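**Student:** Just dropping this structure here.
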Amino acid sequence: SQNVLGRQCSSFTLIDALLAHPVKQVSAGFGHSVAVTWDGEIYTWGLNRHGCCGQPDVVVLIPEPIPVNALYRTPFNIAL
């Protein structure tokens, strides 16, 4: 729905932020969505009312999927 992505998507649409992360499960609600990758990372986007997307309350709308840092994240080289 337009509430989640900020634009109307009447058919399946690729989400650029998730192209490099194979997704195994998605849960889409009226106001926000969650995707779980094969590595176990959790990405959320949409309306972040009361922090329901795992981000600080001051962030109201998350237009593109971002990882929830309090949960598992794939290790990466911080020296880069």
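**Student:** If I model a spin label at residue 39 and residue 10 as a point 7 Å from the Cα along the Cα→Cβ vector, what separation in nanometres do I get?
**Tutor:** About 3.7 nm separates the two model spin labels.
**Student:** Name the long-range amide H neighbours of residue 61: under 5 Å, sequence gap of 5 or more, or other chain; modelled H, no Pro or chain starts.
**Tutor:** Under 5 Å from the amide H of residue 61: 48.
**Student:** Here's a follow-up. Given points 7 Å out from each Cα along the Cα-Cβ axis, report the residue 68 to residue 24 separation in nanometres with one decimal.
**Tutor:** Label at residue 68, label at residue 24, 1.6 nm between them.
**Student:** Just the number please: accessible area per residue for the range 24-70, 1.4 Å probe, all protein chains included, in Å².
**Tutor:** Per residue, the range 24-70 has 59 Å² of solvent-accessible surface.
The values are calculated or read from the model by the stated rules, or taken from the named source; none is laboratory data. Being a predicted model, the structure only gives us computed values, none of them experimental. Ideal geometry is used to build each Cβ from the backbone, glycine not excepted, and the neighbour counts take in all protein chains shown. Ligands, DNA and RNA are excluded from the accessible area calculation, which covers all protein heavy atoms including side chains. Shrake-Rupley method; radii C 1.70, N 1.55, O 1.52, S 1.80 Å.
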